[in-house]
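Accompanying notes for the structure given below.
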Amino acid sequence: MIRSGLTIILLCIVWVSFAQQDPVLMRINGKDVLRSEFEYIYNKNNALAGVEQKTLKEYVDLFVNFKLKVAAAEAAGIDTTRAFREELEGYRRQLAKSYLTDENVSELAARQVYDKMKANHRAGQVRVSHIFKYLPQTVTTHALRSAEARMDSIYAALQKGQADFDACVRDFSDEKKSFWVSWLQMPAEFEDIVFGLQAGEMSRPFFTPQGIHIVKVLERKEIRPFDEIKNEIIRRQTRRHGMDKGTEALVEKLKKEYKYMPDKAGMDELLLKGSTDKRLFVLDGREYTGKMFAPFAAAHPQGVQRQLDGFVMKAVLDYEYGRLEQKFPEFRMLMQEYRDGMLLFEISNREIWERVPSDEAGLAAYFAEHRSDYHWKTPRYKGIVLHTTTKRIGKQVRKFLKSLPEEEWQNAIRLTFNAKTRQVQAEQGLFALGDNAYVDAEIFKKGETEPVESFPFTTFLGEKVKGPQTYQEVRGLLSGDYQNYLEERWIAQLRAASKVEINQEVLKTVNNH
């Protein structure tokens, strides 16, 4: 009882200490928001280039609005959809990569490979052509000897100048085109040969797992700087060996951290019989058995020892993967930021962005209520500019269009006056000073014009206006304003339906503790 009581007291002390280090800054609809989360978002956004800096008070309001929208997305069930969960997990896997390797060890190993490449004259790339005969793994001894003899014969002819290499590639090779080779890209047997040759040199016949080759180096490129190819080297090393050095080093550290204890009896039985029901090892107090090993082995056909080594590594990395948020505050913050950002985007899309383009009634009503906001500083000409082949045609067109709605003008000109022969060139729209030289000269009395070739007679139908007559004329600007209006109304609704509590004393300690 005494020990139990002490444990409870110690836990309380730890909790109070943590709470003092990272206190609750605000509570939104009963959900706590710690100071650390607010500080992370506040400092990150205020540090963005080109973004206007916000005061603490300004940002508190923005943050609360942001959290209320996220809560609305959660209430709508967006975070429970399959697409959302898959995207979030994909981001988590990508983000976790740097946490599941010892980057210093990985970089050191990559540097060693890079130095070896330079020391062994492994150029960044070599362009090669080869006389190549594919040999399947099931090739018979007779076929193998026959292919080898044929290649020896070709090589001898090339050595004596009795054959042309390019012609032999064309006539005998299973691969006709030249190609670039980077180190760790082709089988080691191939690279050992080609990187040892100078441009213009040819190899003797040699075997690789793919077949038999005679290779000629056509061109070499110097190796790129280490920083440019470091990640590429790490990736290729991983593909070739199954795991990079940094990950192996991290696994060894984690084994110690989580008190990894192998069970000799279980492992010996597994290695002897190929299967066991016994315990294989313990990791952070959790047992891993032969039954847990069996599915892994079935998915990774190879030697039992390599399967066991791989199973241990996977168990350690999987355990660490599940604890990343708990161990690394920055990882937790990044995941929270990405999750909330996805929810914010989806709910904003539903409530605002997808709605505005199709809400014709809403746009028209908003324009009618705020029409004066869209008056122009200087008048504009709303109408049509008509260039015609004769003065008489110009009068006829103008008279005809007066009896029609403006939206039918262009179609009427096409069907009535330009059906057989083009007699009219027309430009219709809303023109500010500088938009159209003919409007500038005739309507705004600015500048001079020359007649349009083939359409020398110009006339006008329209009027000067101080502001738009329909919302369609300012749709672009109006859509932005209407979107802001819907946003403000939505936030007001969320605020009215929510309970937001802010600890002002904790707020004073933001970035000051």
Out of (1) at pLDDT 90 or above; (2) open to solvent by less than 30 Å² (accessible area, probe 1.4 Å); (3) among the hydroxyl-bearing types (Ser, Thr, Tyr), the odd one out for THR81 is which? (2)
Complete set of residues in region 189-225 that are in a helix (DSSP H, G or I) and either over 17 Å from ASP115 (Cα atoms) or in contact with a Cys (Cβ under 9 Å, 6 or more places away or on another chain) (or both): GLU189, PHE190, ILE193, VAL194
Of the residues that make up region 226-243, is at least one hydroxyl-bearing (Ser, Thr, Tyr), part of a helix (DSSP H, G or I) and without any contact (Cβ under 8 Å) to a residue 12 or more places away in the chain? yes
Residues to consider are ILE352, ILE393; find the one that is among the hydrophobic types (A, V, I, L, M, F, W, C), within 30 Å of GLU406 (Cβ to Cβ) and out of contact with any Lys or Arg (no Cβ under 6 Å at 6 or more places or on another chain). ILE393
Name the single residue, out of those in region 167-202 being open to solvent by 80 Å² or more (accessible area, probe 1.4 Å) and under 35 Å from the mean Cα position of the chain (by Cα), that is farthest from VAL217 (Cα to Cα). GLN185
Output the number of the condition that VAL312 fails; it satisfies all remaining conditions of (1) touching a strand residue (DSSP E or B) at 6+ places or on another chain (Cβ under 9 Å); (2) among the hydrophobic types (A, V, I, L, M, F, W, C); (3) surrounded by fewer than 16 Cβ atoms within 10 Å (Cβ to Cβ). (3)
Looking at region 405-417 only, could you name the residues that are exposed (fewer than 13 other Cβ atoms within 10 Å of the Cβ) and in a loop (DSSP other than H, G, I, E, B)? PRO405
If you scan region 329-359, which residues turn out to be more than 22 Å from GLY90 (Cα to Cα) and either among the small types (Gly, Ala, Ser) or open to solvent by 70 Å² or more (accessible area, probe 1.4 Å) (or both)? SER348, ARG350, GLU351, TRP353, GLU354, ARG355, PRO357, SER358
State which residue is modelled with the lowest pLDDT when the search covers only region 93-121 and only residues that are open to solvent by less than 30 Å² (accessible area, probe 1.4 Å) and within 30 Å of GLU175 (Cβ to Cβ). MET117
Expected single match for at pLDDT below 95, of a type in the set (D, E, K, R), under 44 Å from the mean Cα position of the chain (by Cα) and open to solvent by 90 Å² or more (accessible area, probe 1.4 Å) among LYS420, LYS508, LYS466 is LYS508
What number goes with the only condition from (1) surrounded by 12 or more Cβ atoms within 10 Å (Cβ to Cβ); (2) modelled with pLDDT under 90; (3) not in a helix (DSSP H, G or I) that MET26 does not pass? (2)
Restrict the check to region 155-169 and report whether at least one residue is out of contact with any Lys or Arg (no Cβ under 7 Å at 6 or more places or on another chain) and hydroxyl-bearing (Ser, Thr, Tyr). no
For LYS382: the one exception among (1) of a type outside the set (A, V, I, L, M); (2) in a helix (DSSP H, G or I); (3) in contact with a Gly (Cβ under 9 Å, 6 or more places away or on another chain); (4) surrounded by 17 or more Cβ atoms within 10 Å (Cβ to Cβ): (2)
Contact list please: Cβ distance under 6 Å, first residue in region 437-448 and in contact (Cβ under 8 Å) with a residue 60 or more places away in the chain, second residue not in a loop (DSSP other than H, G, I, E, B), pairs at least six apart or on different chains. ILE443/TYR381
Looking at region 50-167, what helices (runs of 4 or more DSSP H) fall wholly within it and have at least 1 residues that are within 30 Å of GLU346 (Cα to Cα)? 56-75, 82-96
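The values are calculated or read from the model by the stated rules, or taken from the named source; none is laboratory data. All values reported here derive from a predicted model rather than from experimental measurement. Positions of Cβ are backbone-derived with ideal geometry, glycine not excepted, and every protein chain shown enters the neighbour counts. Each accessible area value is taken on the protein alone, full model and side chains, heavy atoms only, with ligands, DNA and RNA left out. Shrake-Rupley method; radii C 1.70, N 1.55, O 1.52, S 1.80 Å.
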